[in-house]
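The values are calculated or read from the model by the stated rules, or taken from the named source; none is laboratory data. As the structure is a computational prediction, the values presented were derived from the model and not from experiment. Neighbour counts are summed over all protein chains in view; Cβ atoms, including those assigned to glycine, are modelled from backbone coordinates with ideal geometry.
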Amino acid sequence: MKNNHVYEVYKVTSILLIIDQISKLLINTKMTLHQEIVIIPKLLSIFYVKNTGAAFSMLQDNTIFLTVINALFIIVLHMFIKKEKDLSKFSCLSLGLIMGGMFGNLLDRIIHHGVIDFIYISLIDFPVFNIADMGITIGVVLLIISFILEKRSKNEQNRKV
């Protein structure tokens, strides 16, 4: 089937997007802004905040700008995915995680005028984040690994020729 990888990417995208949006819906409806529920003392909390900026709260209160940038990244990534003829399953997984995360945060910016964040790792005082952020981060790491492995494989094939 032609461009079967597009289906694979968007299958992962859809799964992550659903998990992300359900988690944010629960946080938004069951908690009040700035409420904290300690899961593991001095390690992990659910802490409801709304981020009107980008990662690590950069560009605060620039929701319209960030929404446009987010949408443009999604369009460019979609064009890349459609253009590529042969993506590995590993690449499809990583691109799906990135797309799912980008769509999740884009929906938040459109609907809530900011991104709903709620996972707080107090042990290292890491900025509060969400499932979409995890998808983007894990997806980028996996994509880098995928490119390294594919390049290594191609180099080994060229040496055998």
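In region 60-89, what count of residues is obtained for those that are of a type in the set (Ser, Thr, Tyr) and assigned to a helix (DSSP H, G or I)? Steps first, answer last, please.
Within region 60-89, the first condition is being of a type in the set (Ser, Thr, Tyr), and the residues that meet it are 63, 67, 88.
From what is left, the residues that are assigned to a helix (DSSP H, G or I) are 63, 67.
Counting residues in region 60-89 that are of a type in the set (Ser, Thr, Tyr) and assigned to a helix (DSSP H, G or I) gives 2.
Each row is one residue, and each column tells you yes or no for (1) without any contact (Cβ under 8 Å) to a residue 24 or more places away in the chain; (2) out of contact with any Gly (no Cβ under 7 Å at 6 or more places or on another chain); (3) over 14 Å from VAL128 (Cα atoms); (4) charged (D, E, K, R).
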site	(1), (2), (3), (4)
VAL6	no, yes, yes, no
ILE22	yes, yes, yes, no
ILE27	no, yes, no, no
HIS34	yes, yes, no, no
ILE37	yes, yes, no, no
ILE40	yes, yes, yes, no
SER45	no, yes, no, no
TYR48	no, yes, no, no
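Restricting attention to region 26-70, which residues are at pLDDT 95 or above and farther than 14 Å from ILE119 by Cα?
Within region 26-70, THR29, LYS30, THR32 qualify.
If a residue has to be within 21 Å of LEU16 (Cβ to Cβ) and either free of Cβ contacts under 8 Å to residues at least 12 places away in the same chain or surrounded by fewer than 20 Cβ atoms within 10 Å (Cβ to Cβ) (or both) to count, how many in region 110-127 make the cut? Write out each step before concluding.
Going residue by residue through region 110-127, those that are within 21 Å of LEU16 (Cβ to Cβ) are 110-112, 114-121, 126-127.
The next check asks that each one be either free of Cβ contacts under 8 Å to residues at least 12 places away in the same chain or surrounded by fewer than 20 Cβ atoms within 10 Å (Cβ to Cβ) (or both); those that pass are 110-112, 114, 119, 121, 126-127.
So the count comes out to 8.
When you scan region 65-99, how many residues do you find that are among the charged types (D, E, K, R) and either surrounded by 15 or more Cβ atoms within 10 Å (Cβ to Cβ) or under 13 Å from GLU150 (Cβ atoms) (or both)?
We begin by selecting, within region 65-99, every residue among the charged types (D, E, K, R); these are 82-86, 89.
When the remaining residues are screened for being either surrounded by 15 or more Cβ atoms within 10 Å (Cβ to Cβ) or under 13 Å from GLU150 (Cβ atoms) (or both), the result is 84, 86, 89.
Count: 3.
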